[in-house]
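Structure, as structure tokens:
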């Protein structure tokens, strides 16, 4: 089982669900520097989509029937 934890905020800009993360977290997960399209409308944040997270943890996952996802929110 792969486990990943990061701090992020929900984008709130009407897009598909994404997290806003700092540059360090983005590079750690995506394994490359963010492009201009990855920049958020909120200063110093970058958009991280669930698909990007899954691809970088699991590689190809589109045909996996055993994929279980958990999201834990701390308040």
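The residue that is farthest from residue 73 (Cα to Cα), among those in segment 10-27 that are loosely packed, with under 14 Cβ neighbours inside 10 Å, at pLDDT below 90 and under 13 Å from the mean Cα position of the chain (by Cα), is 16. May I ask you to list the residues in segment 24-34 that are touching a strand residue (DSSP E or B) at 6+ places or on another chain (Cβ under 6 Å) and assigned to a helix (DSSP H, G or I)? Within segment 24-34, just 26 meets the criteria. Scanning segment 44-75 for residues that are surrounded by 10 or more Cβ atoms within 10 Å (Cβ to Cβ), closer than 13 Å to residue 17 by Cβ and either at pLDDT below 70 or in contact with a strand residue (DSSP E or B) (Cβ under 6 Å, 6 or more places away or on another chain) (or both) yields a total of 1. In segment 33-42, what residues are out of contact with any helix residue (DSSP H, G or I) (no Cβ under 9 Å at 6 or more places or on another chain), over 20 Å from residue 71 (Cβ atoms) and either at pLDDT 90 or above or crowded, with 17+ Cβ neighbours inside 10 Å (or both)? The answer is 35, 36, 37, 39.
The values are calculated or read from the model by the stated rules, or taken from the named source; none is laboratory data. Since the structure is predicted, the reported quantities are computational estimates derived from the model, not experimental observations. Quick reminder, even Gly has a Cβ in these numbers, built from the backbone with ideal geometry, and neighbours come from all protein chains shown.
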